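First comes the structure, then the notes that go with it.
The values are calculated or read from the model by the stated rules, or taken from the named source; none is laboratory data. None of these values were measured; they are calculated from a predicted model. Positions of Cβ are generated from backbone atoms using ideal geometry, with glycine treated the same way; all protein chains shown enter the neighbour counts.
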Amino acid sequence: MNFGFTEEQELLRAEVRKFLDQNAPLEEVRKIVETPEGFDRHLWNRMGELGWIGLAMPEAHGGVGLDFVTLVVLLEETGRSLFPSPLLSTVIAAHAIQSLGDEAQQARWLPGLADGRAIGSLALLEDNDSLDPADMALRGKADGDDWILSGSKRIVPDAGVADCFVVAFRSGSSPDAISLAVVDKDSVGLSVSDHPVMDLTKRSGQLQLAELRVKSDAILGEAGAAADAVRSLVDLGATLVAAEAVGAAEAALEITTRFAKEREQFDSKIGRFQGVKHPLAEMYVDVESFRSLVYYAAWCLDQGASEAPAASRAASQAKAYAAEAFARIGIDGVQLHGGVGYTDEYDIQLYLKRSKWARPAFGDSDYHYDRLAAQGGL
């Protein structure tokens, strides 16, 4: 059995790498993140034209119709460049609509998300910072066939630039009585504000919902039956965040290795010292280890219902390892640079900041280890 990527996937990787090297080197990334929106609309539109935003979205609604394994190829490269864009949030929101929405809902929202004309985001977290559907506090009040929402959502990815939000809310007394609704940014009763962030390449914000009316045709699937879908979206989000972490961690290792080959101390390149070589070797082992877990998790997600339990386990394994290892790689990379690693002049600190964002996104290592234990009956 061939466990490698196909020729087409490797060609995609090469094209993405060329595009990012030409249009978004780190020098340009530093400029982009200082803009009000935090990403480049022109580059985003070009990605839509190239089919990269809709890579894993259905062809019937403007996507390319490829799988999550192929999407991982794209995300490794965007992670390597710390490319700032609402790609992750849009892909996840689109998948929620694709998975639960009827044909009319998919036709309404997916084409714009697939070609980049619209930006989507998933709003799950609240004040309790829990991804468990049973802990969700935002409660919908039935009003005929409509629902009235009042409350807040926290740490919503790319909230400030999103055109629509897939909002999770409680629609019954059962712990699993959760619904998902698509809410347009201009909806009456919705206000959006940005959070201050450490990693400027990953913006987030909060939603305030005040008597916001959600029409029945904006509810994805059956009302009160979306708890399992929320768990699957957490699996997807964890896998995709870990996929970007693969590229970012590998880039941090390359930057630090290059510095170790150039930096001299006591008339010798510091890369000759065991105290430098051993941490670099450990960083390499970590990157290759969670890379394999990410690939397997993406493959399981592609298999759908037939591998649903395995996908959940694999996603948690990949994200738990990535959350710990990438954070450690970021810290070690800065330390191996010495005092200059903390300065804005050096790029390694950008990867440390990205690791701090990736660590809690869609669950930190503690969350996913607890999840794995529960899945194992512990």
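A quick yes/no check of all residues on (1) in a loop (DSSP other than H, G, I, E, B); (2) farther than 19 Å from Thr90 by Cα:
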| site | (1), (2) |
| --- | --- |
| Trp147 | no, yes |
| Gly151 | no, yes |
| Ala181 | no, no |
| Asp186 | yes, no |
Within the range 255-310, of all residues that are in a helix (DSSP H, G or I) and among the acidic types (Asp, Glu), the one farthest from Gly377 (Cα to Cα) is Glu262
Cβ pairs under 6 Å, 6+ apart or interchain, first in the range 264-275 and in the same structural domain as Gln335 (by TED's automatic domain parsing), second among the small types (Gly, Ala, Ser) and not in a strand (DSSP E or B), ordered by first then second residue, are Ile270/Ala260; Gly271/Ala260
* Do we have any residue at all in the range 192-211 that's at pLDDT 95 or above, over 26 Å from Pro86 (Cα atoms) and not assigned by TED's automatic domain parsing to the domain that holds Glu37? -> yes
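So which helices (runs of 4 or more DSSP H) are wholly in the range 1-108 and hold at least 3 residues that are out of contact with any helix residue (DSSP H, G or I) (no Cβ under 8 Å at 6 or more places or on another chain)?
Numbers: elements: 7-23, 26-32, 41-50, 68-80, 87-100.
By residue number, 7-23, 26-32, 41-50.
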Expected output for the range 338-349 (first residue within 14 Å of Arg258 (Cβ to Cβ), partner at pLDDT below 90 and small (Gly, Ala, Ser), Cβ below 7 Å, 6+ apart or cross-chain) is Ile348/Gly341
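Just checking, which of Gly172, Gly189 is over 30 Å from Arg80 (Cβ atoms), out of contact with any helix residue (DSSP H, G or I) (no Cβ under 8 Å at 6 or more places or on another chain), surrounded by fewer than 23 Cβ atoms within 10 Å (Cβ to Cβ) and at pLDDT below 95?
Details: Gly189 fails: at pLDDT below 95.
Every option except Gly172 fails the conditions.
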Inside the range 325-359, the number of residues satisfying the requirement of being surrounded by fewer than 19 Cβ atoms within 10 Å (Cβ to Cβ) and of a type in the set (Asp, Glu) is 2
Of the residues in the range 213-231 that are part of a loop (DSSP other than H, G, I, E, B) and in contact (Cβ under 8 Å) with a residue 40 or more places away in the chain, the one that is farthest from Leu100 (Cα to Cα) is Lys215
